[in-house]
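The values are calculated or read from the model by the stated rules, or taken from the named source; none is laboratory data. Just so you know, these numbers come straight off a predicted model, no measurement behind them. Every residue, glycine among them, receives a Cβ derived from its backbone with ideal geometry; neighbour counts consider all protein chains shown. The accessibility values were calculated without ligands, DNA or RNA, using every heavy atom of the protein model including side chains. Shrake-Rupley method; radii C 1.70, N 1.55, O 1.52, S 1.80 Å.
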Amino acid sequence: MVDFRLFETKFELEFELDDPKFELEFNSRANSFDDWLSFQKAKDNVSDPLILELLLGLHQKIDNLTNLIKFGEQSQNKLKFVKFASKMGYEGFGFDEDCLEIGKIYFARICVDSFFLKTICLYFEAVDSKTAKITKINPRSEKQWSHFVARSEMLSIRKAKHDK
């Protein structure tokens, strides 16, 4: 039984049954710059947080380009399954077809297009063969996921109004 709200939408994600090798990638997404920025905001030491966020985003892009030049192709492996989810909510998402093993934990990557193209890494548990409940997500990714869900829901509402 699903104890959270889902709405109709479409987005792509890749996922695979949990494996200890994914923990390193998950932890690397929890950026120390983000922790530092949060700490500075809490201390009220940031005169212009938007400029600082843009600079941090630029720094991350330069790091990614540096790694790409040094090491060639990105080392991020493709996960076993690539599917389109048909439903989403703040606490989980769902599929149209049976593709999950009930009770199993999965690692997933979701690309979201916000101001910067971001990849969210998270863990989810299969509530049933079509529904996933998010069980582990780092704070920065959770914020990005919430923005993605809110934006998707607004688009879904606009589409429903337009179709009437």
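Express the carbon and sulfur contribution to the solvent-accessible surface of the chain as a percent, rounded to the nearest whole number, probe 1.4 angstrom.
56 percent
Would you mind working out the accessible area per residue for the chain, using a 1.4 Å probe, and quoting it in Å²?
With all protein chains present, the chain gives 66 Å² per residue.
Please find, in a Gaussian network model of the chain (springs between Cα atoms separated by less than 10 Å), the residue of Arg151, Arg140, Arg109 whose mean-square fluctuation is greatest.
Checking each option, the largest mean-square fluctuation is seen for Arg151.
Rolling a 1.4 angstrom probe over the protein chains, ignoring ligands and nucleic acids, what is the accessible area of Cys111 in square angstrom, nearest 10?
80 Å²
Once every DSSP H run of n ≥ 4 in the chain is given -39500 (n - 2.57) and the sum is divided by its residues, what mean residue ellipticity at 222 nm do you get, rounded to the nearest 500 deg cm²/dmol?
Computed ellipticity for the chain at 222 nm equals -14000 deg cm²/dmol.
Can you give the percent of C-alpha pairs in the chain whose distance is more than 24 Å?
That fraction is 43 percent.
Calculate the FRET efficiency for Lys143 and Asp163 from the Cβ-Cβ distance with a Förster distance of 30 Å, rounded to the nearest 0.05.
Result of the calculation: an efficiency of 0.45.
How tilted is helix 139-163 with respect to the longest principal axis of the chain? Cα atoms for both, answer in degrees (0 to 90, nearest 10).
Taking Cα atoms only, the helix is inclined about 50 degrees.
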